[in-house]
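Novice: I'd like to ask you about the structure that follows.
The values are calculated or read from the model by the stated rules, or taken from the named source; none is laboratory data. Keep in mind it's a predicted model, so treat the numbers as computed, not measured. Note that each Cβ is placed from the backbone with ideal geometry, even for glycine, and that neighbours are counted across all protein chains shown. Accessible surface areas use protein heavy atoms only, side chains included; no ligands, DNA or RNA. Shrake-Rupley method; radii C 1.70, N 1.55, O 1.52, S 1.80 Å.
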Amino acid sequence: MCGKQPIKQPTKAQREEAAARNPGQIIHRVIHYMLKHYPFQYILVIVCIIATVFASIQGTLFLQTLIDDYIVPIAKSVADGGTADYSGLLRSILRVMIFYAIGVVASFAQRRILIRISQGTLRQLRRDIFEKMESLPLRYFDTNSHGRIMSIYTNDVDTMNQMIGESMPMMLMSLLTIVGVLYGMIKLSPALTGVALFMVIIMAFTSGKTVKASSRYFVEQQKQLATVNGYVEEYINGQKVVKVFNHEDQCREDFRKINDALFDAAFNANSYANSLGPINSQMGNLSYVVCVTVGALMAITGFGGLSLGGLASFLTFVKNLNSPISQISMQMNAVIMGMAGAERVFRFMDEKPEEDNGYVTLVRAKQSENGSLTECDERTGTWAWKNARKEDMAPEYTKLCGGIVMEHVNFGYEAEHPVLHDINLYADPGQKIAFVGSTGAGKTTIINLINRFYDVDDGEIRYDGIRVRDIKKRDLRRSLGMVLQDTHLFTNTVRENIRYGRLDATDEEVENAAKLANADGFIKRLPEGYDTMLTGDGASLSQGQRQLLSIARAAVADPPALVLDEATSSIDTYTEQLVQEGMDRLMKGRTTFIIAHRLSTVRNADCIMVLEQGRIIERGTHSQLLEKQGRYYELYTGNKRAAQAIPEAEKA
């Protein structure tokens with residue numbers, strides 16, 4: 001129809017987010033998660049709750065029997081000069097004591113089992129979150145702050161734990177108590193039960209309004225808490241920059257704003273939540289007074305057959321009815337907070353993992369006399385790609401040589417902002433390929449594509465003639481040793497940080513790798529040598545020493561190919577000379593990709609690629625590029641006049 005706008009269908013992500021915000025679905029997922037890991041224990045908890053409620057109901061009903069069948073007759077008998085018979089009373093008391101004993105045991109067992117369920121679920125949940133995190137692509141971490149992710153591990157999981165281990169069982173007990181109490185009240189006096197229920201409806205209506213008002217503030221509180229965590233984490237990591245630029249005042253002001261936002265949300269949420277107690281208490285007292293008045297009139301007039309013992313038992317039920325209703329109202333806030341945390345946890349768990357459709361694996365191999373390759377477990381020094389896509393055929397083996405080809409590759413981290421344009425690259429096995437260029441030219445992006453941290457938008461990358469998208473990511477990355485510009489050291493010994501490159505490396509291999517990187521000298525001067533404990537990302541070491549450990553880590557991995565991303569950027573000239581010999585030994589026989597701003601480190605490269613604005617504008621050896629007097633000449637000599645040697649088409 002003319003002028004009619006088409007209905008825009010929601011995307012898959014929008015549908016998933018809308019589903020995650022459905023409270024019923026969140027509760028269903030929480031219960032399913034618990035029953036998945038602790039089905040028998042949770043059923044046992046329900047049985048214990050039922051036993052506890054049943055014992056409490058029996059005890060309250062006994063109050064009527066005690067007054068009507070024993071106290072009143074015995075008192076009348078004594079008043080008339082007769083004797084008192086307590087035998088029936090003692091038997092009834094013994095029976096009630098047994099019921100209460102069962103209730104005590106059931107209540108104790110319930111709490112012990114709940115501790116097991118809640119803590120076990122907490123452990124399993126954190127394990128699943130961590131495993132999920134390990135499966136996510138780097139793109140997720142590029143677009144989400146680390147503080148927000150940490151908030152899922154801590155705040156959100158803790159609120160879920162409170163909901164699972166305390167609020168939900170207590171609400172279940174309260175609901176069963178209400179059912180049991182209503183049964184007892186109806187059994188004693190249906191008419192008076194109607195009066196009590198009228199007051200309950202008023203109480204529930206008032207509590208519902210309060211809970212609804214507080215729920216949105218509890219959800220906002222969780223969001224603001226994640227924002228605070230993200231800001232603090234970012235500030236801790238960048239505190240040196242903050243101090244260098246005297247930015248403390250601005251940081252304090254920014255933190256004050258987000259902290260105030262958290263305060264406002266928490267204040268409003270808890271203001272409404274804390275008002276529930278007084279409201280329910282006063283409404284409960286009002287309900288009790290009304291039931292006392294009406295019940296007394298009924299007992300005096302004999303209306304409805306309500307006896308004195310029945311009235312006493314009924315009023316006890318009224319108190320018991322108000323208590324679980326108040327508990328449900330109070331626990332609703334914890335459930336809402338838990339659901340807000342669960343929403344964020346499940347949204348994280350629903351994130352799309354890193355896809356890996358590869359079927360080619362990396363294996364150790366040995367070569368027979370006729371030149372064919374076979375898989376073996378020995379450290380032969382020979383690696384092969386194993387193609388086992390066709391299950392009905394013998395696997396095919398291709399020797400890993402290190403030849404990498406990029407043809408007409410285009411890529412952008414965001415679709416509307418391309419970073420690389422028509423990249424063509426040919427690296428023969430054993431060659432050293434260097435990438436140079438201005439910051440942001442796309443050097444590191446090329447390495448990210450070779451590692452398949454990201455997939456190309458257009459074009460193709462082949463490794464020894466095999467498309468990299470056909471190689472399993474773990475095996476592809478196993479073949480590429482990485483020495484990154486930003487060295488990360490874990491809280492562990494120096495030895496274990498080097499061994500991180502290959503976890504089955506012996507102590508001798510670790511020390512040989514350190515010698516290869518010329519790190520052995522400074523390591524032995526540390527207080528405990530290789531067993532010195534490093535903390536705070538190796539804060540006690542200089543930047544150069546940390547870089548040497550990173551190089552040693554790559555050496556112990558013994559990878560078939562190498563990627564050096566500004567590997568010597570933080571090493572002084574003297575240390576660079578010591579490292580260069582070890583680096584040459586490490587690169588010998590391996591295809592190596594080198595990213596460097598310090599052009600002196602790439603002079604002996606077999607081919608140097610000069611990138612500018614995502615395009616390769618020059619390529620050749622060091623001497624060839626100097627002869628061209630183009631962009632590389634300008635970068636190497638600092639001669640700005642050489643820029644005119646760059647063709648105008650290549651500048652574009």
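Novice: What FRET efficiency comes out for the pair residue 158/residue 428, r = Cβ-Cβ distance, R0 = 60 Å, nearest 0.05?
Specialist: Details: r = 55 Å, r/R0 = 0.92.
Taking R0 as 60 Å, the efficiency between residue 158 and residue 428 is 0.60.
Novice: How many Å² of accessible area per residue for segment 493-572, probe 1.4 Å? Write down the numbers at each step before the final one.
Specialist: Details: 3220 Å² over 80 residues.
Result: 40 Å² per residue.
Novice: Okay, moving on. How fast does segment 155-210 diffuse by Stokes-Einstein, in µm²/s, taking the Kirkwood radius from C-alpha pairs at 4 °C and 1.567 mPa s? Present the calculation step by step, with values, prior to reporting the outcome.
Specialist: Details: Rh = 13.3 Å.
Rounded, D is 97 µm²/s.
Novice: At 1.4 Å probe size, with the rest of the protein present, what percent of the exposed accessible area of segment 380-481 is carbon and sulfur atoms?
Specialist: Ligands and nucleic acids excluded, carbon and sulfur reach 45 percent.
Novice: Turning to a different aspect of this structure: What does the highest-first list of 58-69, 513-524 look like by mean Cβ count within 10 Å?
Specialist: Numbers: 58-69: 18.2, 513-524: 20.4.
Ranked by mean Cβ neighbours within 10 Å, highest first: 513-524, 58-69.
Novice: Give the peptides 440-451, 109-120 in descending order of average Cβ contacts within 10 Å, highest first.
Specialist: Numbers: 440-451: 20.7, 109-120: 16.2.
Ranked by mean Cβ neighbours within 10 Å, highest first: 440-451, 109-120.
Novice: Sticking with this one: Would you grab the residues whose amide H sits under 5 Å from the one on residue 358? Only those 5+ places off in sequence or on another chain, please, with H modelled 1.01 Å from N.
Specialist: For residue 358, the qualifying residues are 473.
Novice: Given 37 °C and 0.692 mPa s, how large is the Stokes-Einstein diffusion coefficient of segment 48-190 in µm²/s, with Rh as the Kirkwood radius over Cα pairs? Kindly include the intermediate steps, with their values, before the conclusion.
Specialist: Values: Rh = 19.6 Å.
Here the translational diffusion coefficient equals 167 µm²/s.
Novice: Ranked from highest to lowest mean number of other Cβ atoms within 10 Å per residue, what is the order of the peptides 31-39, 327-335, 598-606? Numbers along the way, then the final one.
Specialist: Working: 31-39: 14.9, 327-335: 22.0, 598-606: 16.9.
In decreasing order of mean packing, 31-39, 327-335, 598-606 become 327-335, 598-606, 31-39.
Novice: State in Å² the accessible area per residue of segment 205-327; use a 1.4 Å probe, count heavy atoms of protein chains only, and round to the nearest integer.
Specialist: On the way: 6730 Å² over 123 residues.
Per residue, segment 205-327 has 55 Å² of solvent-accessible surface.
Novice: If r is the Cβ-Cβ distance from residue 474 to residue 242 and R0 is 45 Å, what FRET efficiency results, to the nearest 0.05? Working shown, then result.
Specialist: On the way: r = 38 Å, r/R0 = 0.85.
In this case the efficiency is close to 0.75.
Novice: Another question, if that's okay. For an R0 of 22 angstrom, estimate the FRET efficiency from the Cβ-Cβ distance between residue 624 and residue 600 and round to the nearest 0.05.
Specialist: My answer for the efficiency is 0.80.
Novice: Using only Cα atoms and rounding to the nearest 10 degrees, what angle (0 to 90) does helix 308-349 make with the longest principal axis of the chain?
Specialist: 10 degrees
Novice: If you plug each phi of segment 225-233 into the Karplus form 6.51 cos²θ - 1.76 cosθ + 1.60 with θ = phi - 60°, what whole-Hz ³J(HN,Hα) values come out, in order, with x for Gly and Pro?
Specialist: 5, 5, 5, 4, 4, x, 5, 4, 4
Novice: Identify, among 289, 403, 270, the residue whose Cα sits farthest towards the positive end of the charge dipole of the chain, taking +1 on the Cβ of Lys and Arg and -1 on the Cβ of Asp and Glu, with the dipole about the Cα centre.
Specialist: 289
Novice: Expected output is a single nm value to one decimal: the length gained when fully extending between residue 368 and residue 91, i.e. 0.36 nm times separation in residues minus the C-alpha distance. What is it?
Specialist: On the way: separation 277, 0.36 × 277 = 99.72 nm, distance 9.18 nm.
Residue separation times 0.36 nm, minus the Cα-Cα distance, leaves 90.5 nm.
Novice: Next question, about the same structure. So what's segment 282-435 giving for Rg/Rh, alpha carbon basis, Kirkwood Rh from the mean inverse pair distance? Please list the in-between numbers first.
Specialist: Numbers: Rg = 38.7 Å, Rh = 24.8 Å.
Ratio of gyration radius to Kirkwood radius: 1.56.
Novice: Let me ask something else. Obtain the nm distance between the two label points defined at residue 417 and residue 197 by a simple spin-label model: each point lies 7 Å from its Cα along the Cα-to-C-beta direction.
Specialist: Result for the modelled spin labels: 6.3 nm.
Novice: Also, quick follow-up: Taking the Cα centre as origin and putting +1 on Lys and Arg beta-carbons and -1 on Asp and Glu beta-carbons, what dipole magnitude results for the chain, to the nearest 20 debye?
Specialist: Values: 71 positive and 72 negative charges, 299 e Å.
Dipole size: approximately 1440 debye.
Novice: Let me ask you something else. Going toward the positive end of the dipole of the chain, with +1 on Lys and Arg Cβ and -1 on Asp and Glu Cβ, which of 446, 190, 49 do you reach last?
Specialist: The listed residue farthest towards the positive side: 190.
Novice: Just to make sure I understand: if all protein chains stay in place, what is the order of 414, 634, 612 by accessible area at 1.4 Å, largest first?
Specialist: Details: 414 95, 634 20, 612 50 Å².
Most to least solvent-accessible, the answer reads 414, 612, 634.
Novice: Still on this structure, I have one more. For segment 458-474, just list the computed ³J(HN,Hα) in residue order, Karplus coefficients 6.51, -1.76 and 1.60, θ = phi - 60°, integers in Hz, with x standing in for Gly and Pro.
Specialist: 9, x, 8, 10, 10, 10, 6, x, 9, 4, 5, 6, 8, 8, 4, 4, 4
Novice: Under a crude label model (7 Å from the Cα following the beta-carbon direction), how far is residue 486 from residue 234 in nanometres?
Specialist: Each label point is offset 7 Å from its Cα along the Cβ direction, giving 1.4 nm.
Novice: Taking +1 at the Cβ of each Lys and Arg and -1 at the Cβ of each Asp and Glu, which of 165, 382, 536 sits farthest along the dipole of the chain towards its positive end, judged by Cα position relative to the Cα centre?
Specialist: Of the options given, the answer is 165.
Novice: Ignoring ligands, DNA and RNA, how do 347, 216 rank by accessible area with a 1.4 Å probe, largest first?
Specialist: Details: 347 80, 216 140 Å².
In descending accessible area the options line up as 216, 347.
Novice: How large is the accessible surface per residue of segment 377-473, computed with a 1.4 Å probe and reported in Å² as a whole number?
Specialist: Details: 4750 Å² over 97 residues.
Spelled out: the 1.4 Å probe surface of segment 377-473, per residue, equals 49 Å².
Novice: Can I ask one more? Evaluate the distance, in nm, between pseudo-label points positioned 7 Å from the Cα of residue 281 and of residue 75 along their respective Cα→Cβ axes.
Specialist: Going from the residue 281 label point to the residue 75 one covers 3.2 nm.
Novice: Could you work out how far helix 23-37 tilts from the main Cα principal axis of the chain, as a 0 to 90 degree angle to the nearest 10?
Specialist: Taking the Cα atoms of the chain, the angle to 23-37 is about 80 degrees.
Novice: Something else now. Enumerate the amide H contacts of residue 459 below 5 Å, restricted to partners 5 or more residues apart or on another chain; note that Pro and chain-start residues carry no placed amide H.
Specialist: For residue 459, the qualifying residues are 410.
Novice: Under 18 Å between alpha carbons: how many lysine pairs meet that in segment 344-468, if sequence neighbours fewer than 8 apart on the same chain are excluded?
Specialist: Values: 366/386; 366/399; 386/399; 432/443.
The result is 4.
Novice: Roughly speaking, to the nearest percent, how much of segment 35-130's 1.4 Å accessible area is carbon and sulfur?
Specialist: On the way: 3910 of 5810 Å².
Its accessible area is 67 percent carbon and sulfur atoms.
Novice: Another question, then. So if each residue of separation counts as 0.36 nm, and I subtract the Cα-Cα distance between residue 264 and residue 301, what length gain in nm does that give?
Specialist: 7.8 nm
Novice: Mind checking the full-extension length gain between residue 183 and residue 111? Use 0.36 nm per residue of separation minus the Cα-Cα distance, one decimal, nm. Present the calculation step by step, with values, prior to reporting the outcome.
Specialist: Values: separation 72, 0.36 × 72 = 25.92 nm, distance 2.57 nm.
Result: 23.3 nm gained on full extension.
Novice: Provide the per-residue ³J(HN,Hα) series for segment 51-64, in order, calculated from phi with Karplus coefficients 6.51, -1.76, 1.60 and θ = phi - 60°, each as a whole number of Hz, with x at glycine and proline positions.
Specialist: 5, 5, 5, 4, 5, 5, 5, 4, x, 5, 5, 5, 4, 5
Novice: Where both partners of a DSSP beta bridge lie in the chain, what percent of those bridges are antiparallel, to the nearest 5?
Specialist: Values: 32 of 51 bridges.
Close to 65 percent.
Novice: Calculated from DSSP H runs of 4 or more alone, at -39500 (n - 2.57) each and per residue, what is the 222 nm mean residue ellipticity of the chain, nearest 500? Don't skip to the answer; put the middle values down first.
Specialist: Numbers: 23 runs with 380 residues, N = 652.
Helix-only estimate at 222 nm: -19500 deg cm²/dmol.
Novice: To the nearest 10 degrees, how steeply does helix 507-516 sit against the main Cα axis of the chain, on a 0 to 90 scale?
Specialist: Long axis of 507-516 versus the principal axis of the chain: about 50 degrees.
Novice: Something else: Amide H to amide H under 5 Å from residue 593: which residues, 5+ apart in sequence or cross-chain, H placed 1.01 Å off N in plane?
Specialist: 433, 562, 563, 564
Novice: Now for a different question. Quick one: Kirkwood hydrodynamic radius for the chain, alpha-carbon pairs, angstrom, one decimal? List each step's numbers first, then the result.
Specialist: Values: mean 1/r = 0.0317 Å⁻¹.
Roughly 31.5 Å, rounded to one decimal.
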